[in-house]
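Only one structure is covered here, and it is reproduced in the block below.
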Amino acid sequence: MSILVLAEHDNVALKPATQHTISAGAKISEKGGNPEVHVLVVGEDAEVVAQASARVAGVNKVFLADASHLGAQTAEAVSAQVLQHIQTGDYSHVLAPATTFGKNVLPRIAARLDVQQISGIIEVLTVDTFIRPIYAGNALATVQSATDAIKVLTVLSTGFDAAAVAQGNAPIESVKEIVNDPSGTRLLGRQLSSGEKLELTAAKVVVSGGRGLQKAENFKLLEALAAKLNAAVGASRAAVDAGFVPNDYQVGQTGKIVAPDLYIAVGISGAIQHLAGMRDSKVIVAINKDPDAPIFQVADYGLVGDALEILPQLTAQL
Amino acid sequence: MKVLVSIKRVVDFTVKVRVKSDGSGVDLDNVKMSMNPFDEIAVEEAIRLKERGIVTEIVTVSIGSSACQETLRTAMAMGADRSILIESENDLEPLAVAKVLKALVLKENPQLVILGKQAIDDDSNQTGQLLAGLLDWPQGTFASKLELASGKAVVTREIDGGLETLELPLPAVITTDLRLNEPRYTTLPNIMKAKKRPLDIVKVGDLQVDPTLRLTTLKVEAPRPRKAGIRVASVEELVTKLRDEAKVI
């Protein structure tokens, strides 16, 4: 038996979420008598991603399925290729990061395998028992998948440390059988934020703004603080709904789930949906003018005051 | 064109649920229930497509106890034409839900199925993708924009780092993200009208779908509470604490 991790990448670089997923895979391997952990890279001209995967600690073997129609990584094309790969090996588990990539692709695979996927695990108890948050993280469910022959899991990065990019040198094997995608789905284009923006889920420090910032321009104050702290910028759903920042800034139940060393919430009241996305941060700072805002209940350090006055002061003193 | 919209009755998003002391689940007694917010967006999108003359009929479906009739009535008060309740006393897992929806799709022949991307109770984010997989249809998940023309759907998707636009041949499955639209409120006249719209009830057992649970929930517990924090009086004090006490800057 082996454990398969589906790599998330952009054909150029391996995304850090994959390292966290490999770490979860290694943990399952540990609990299950050390079966091999394989990484499958599905993409176009993605040799460099396969090489990066081979260096990650805990990886025993890397497979690269490389073809022009796999470059866009649509769920239709990727899932067909993964299903083909699963047939060639003796896999007990299939894992992917619980990111928009993994969430999009993995259930499609589970459907074809007739398996009930477990979404967003944060802990591995045994080879078939896992912990996952439900109800916006207000409850943690311990679930066991006893009957499905293959366990299909998405992995929340906050639950597992990133496996180190060590001097590992797992062998890389090219997948010979490339599966066509007859679905007709076509990528027309992508609009991605500029490359300078730090990935929220990978940053050690996150500064997030809410409706208390009042308007989009005021996020510049937050960005200045973020630049000083080498932090990623996030936002509450209220700030996204108000149009201050794009949706991919959103931290919360239905956005990104983060657990940085330091989380600074500025002008965020602290709705349960937002807390779900950041409550596992090591140190939480809340800055809000409402002394009764629920965000203070989870904050290690609370500062009551006007965010627009405090932000420049804080940036200046760091 | 016919559209099928699947909706789930869930704990209202404003409710902070409590875990039962015996660890068997969360306490849902006397808790306010509502339509899953993402499903409201799905219903709204179908109505907008109908208002633009692209869609001719909107069928909403829900799976659960007879209380789901209320949720379906809300969808019809928003503008859905008719509803189907798949009655099931027990909760179904996403895979079984997707199988039920597949059976309905084969019967109703919609060109489009729209679902919320995620239910805010179990947070699985699976059903739309599972259904697309079972039907072998194209999928446009986490949609923030949807256009239909000449047998194709053009879907703008919310992805990590930005947006992506896909073209899908119909029939297809779409799941909704937050910015797709802002759902309308129901009005009293429309609530009255919705009472007269058809609502068929089908027993889940009549659909030849095995409802057996694949997963066993061994325990549900509350997350570890955070240690109470402190208030600081000034920016200076905050910086000092972060540097010397928490050692995170």
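Within the range A:304-318, being surrounded by 22 or more Cβ atoms within 10 Å (Cβ to Cβ) and either at the interface with chain B (Cβ under 8 Å from one of its Cβ atoms) or among the basic types (K, R) (or both) holds for A:I310, A:L314. Show me the helices (runs of 4 or more DSSP H) found entirely inside the range A:200-286 where at least 3 residues are away from chain B (no Cβ under 12 Å) and either out of contact with any Leu (no Cβ under 9 Å at 6 or more places or on another chain) or under 18 Å from A:L311 (Cα atoms) (or both). The qualifying helices (runs of 4 or more DSSP H) are A:219-229.
Of the residues making up the range A:24-50, those that are out of contact with any Leu (no Cβ under 7 Å at 6 or more places or on another chain) and touching a residue at least 24 places away in the same chain (Cβ under 8 Å) number 12. Is the range B:168-188 home to any residue that is within 8 Å of chain A (Cβ to nearest Cβ), assigned to a strand (DSSP E or B) and among the aliphatic types (A, V, I, L, M)? Yes, the conditions are met somewhere in the range B:168-188.
Just name the residue that is farthest from A:N104 (Cα to Cα) out of those in the range A:187-234 that are of a type in the set (D, E, K, R) and in contact (Cβ under 8 Å) with a residue 60 or more places away in the chain. So, considering only residues that are of a type in the set (D, E, K, R) and in contact (Cβ under 8 Å) with a residue 60 or more places away in the chain, the one farthest from A:N104 (Cα to Cα) is A:K228. So is A:P294 out of contact with any Pro (no Cβ under 8 Å at 6 or more places or on another chain), without any contact (Cβ under 8 Å) to a residue 40 or more places away in the chain and more than 8 Å from chain B (Cβ to nearest Cβ) or not? Against the criterion (out of contact with any Pro (no Cβ under 8 Å at 6 or more places or on another chain), without any contact (Cβ under 8 Å) to a residue 40 or more places away in the chain and more than 8 Å from chain B (Cβ to nearest Cβ)), A:P294 qualifies.
For (1) farther than 21 Å from A:K31 by Cα; (2) in contact (Cβ under 8 Å) with a residue 60 or more places away in the chain; (3) outside any strand (DSSP E or B), each residue gets a yes or a no:
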| residue | (1), (2), (3) |
| --- | --- |
| A:A52 | yes, yes, yes |
| A:V59 | no, yes, yes |
| A:Q87 | yes, no, yes |
| A:H93 | no, yes, no |
| A:A96 | no, yes, no |
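Among the residues making up the range A:104-158, a single one is surrounded by fewer than 21 Cβ atoms within 10 Å (Cβ to Cβ), assigned to a loop (DSSP other than H, G, I, E, B) and in contact with a Leu (Cβ under 7 Å, 6 or more places away or on another chain): A:I150. Selection of the range B:178-213 for residues being under 21 Å from the mean Cα position of the chain (by Cα) and over 19 Å from B:L4 (Cβ atoms) yields B:L178, B:R179, B:E182, B:R184, B:Y185, B:T186, B:P211, B:L213. Number of residues in the range A:153-175 that are within 22 Å of A:L113 (Cβ to Cβ) and in contact with a Pro (Cβ under 8 Å, 6 or more places away or on another chain) equals 3. There is no residue in the range B:117-130 that is more than 22 Å from A:P107 (Cα to Cα), among the charged types (D, E, K, R) and under 21 Å from the mean Cα position of the chain (by Cα).
Every number in this text was worked out from the coordinates using simple rules, so none of it is lab data. Computed from a predicted model, the values in this text were never measured in an experiment. Neighbour counts are summed over all protein chains in view; Cβ atoms, including those assigned to glycine, are modelled from backbone coordinates with ideal geometry.
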